[in-house]
Protein chains: 2
Amino acid sequence: MQKVNIADQLERFSEAWSPRIVGELNGQHVKLVKLKGEFVWHHHEEEDELFLVVQGRLRMRLRDRDIDLDPGEFLIVPRGVEHLPVADEEVHVLLFEPVSTLNTGNVRNERTIDSPVKAV
Amino acid sequence: MQKVNIADQLERFSEAWSPRIVGELNGQHVKLVKLKGEFVWHHHEEEDELFLVVQGRLRMRLRDRDIDLDPGEFLIVPRGVEHLPVADEEVHVLLFEPVSTLNTGNVRNERTIDSPVKAV
């Protein structure tokens, strides 16, 4: 059992769209990810997903509106809801989501990461 | 679906040891809580519990050692592990834990809160 320093973990990688697993509890993962640019429209069939912004500004595009998130703000995207994360500038995000969550949800493309790196 | 600003939510209450539910996903709650002083030794039979410090310093006492947590640091206390949160000065903490989690775990006393307030 060891504590995790979020800033320290974020210093250890630079690639965007490549989540790192930094914790696991109750069948859920805690992940850190850096976002830059636009992702891909997708949804998760079975998983709700929490995005907590650590640094930068995240725009979560939904089909009917956009929600901008600043540091210290989080959004829970329920299962089934299509979303598109957009980062005009680099954004650092903490994710809480089930272990089963695939980053691109129902879509499979070059952004899909089947086995995120376990950093802790 | 609405974003949650952690600092705004923390401004809305002042009582220590009284968690507020600010999110729910995948059978888990996101809670905010203010701690001041010493809690009670306890463990959770079925639930792993994540403590993320937002403000102040939290000392998590375990039976074999203490772990001090500063803002931006988190600790996952696995089910079955006895722990005692201590806050010499007021600490603000984000909790991530199953909906079934009772704050005092296997102990029932004046600190027990059966139905935390749903703030969001």
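Observations on the structure shown:
- So B:Glu15, is it more than 30 Å from A:Val81 (Cα to Cα) and touching a Lys or Arg at 6+ places or on another chain (Cβ under 9 Å): yes
- Test: B:Glu24 is in a loop (DSSP other than H, G, I, E, B), facing chain A (nearest Cβ under 9 Å) and within 28 Å of A:Phe51 (Cβ to Cβ): no
- B:Val81 of a type outside the set (D, E, K, R), surrounded by fewer than 20 Cβ atoms within 10 Å (Cβ to Cβ), at the interface with chain A (Cβ under 10 Å from one of its Cβ atoms) and under 14 Å from B:His44 (Cα atoms): yes
- Of the strands (runs of 3 or more DSSP E) contained entirely in the range A:30-120, those carrying at least 3 residues that are under 21 Å from B:Lys31 (Cα atoms) and of a type outside the set (Ser, Thr, Tyr) fall at A:49-55, A:73-77, A:83-98.
- Lone unmet requirement of (1) crowded, with 16+ Cβ neighbours inside 10 Å; (2) free of Cβ contacts under 8 Å to residues at least 60 places away in the same chain; (3) closer than 24 Å to A:Asp70 by Cβ for B:Ala7: (1)
- Residues that are away from chain B (no Cβ under 14 Å) and among the small types (Gly, Ala, Ser), drawn from the range A:27-51: A:Gly37
Here, each number is a calculation from the coordinates, and none is a lab measurement. Computed from a predicted structure; not experimentally measured. When we count neighbours, we look across all protein chains shown, and the Cβ atoms used for this are built from the backbone with ideal geometry, even at glycine.
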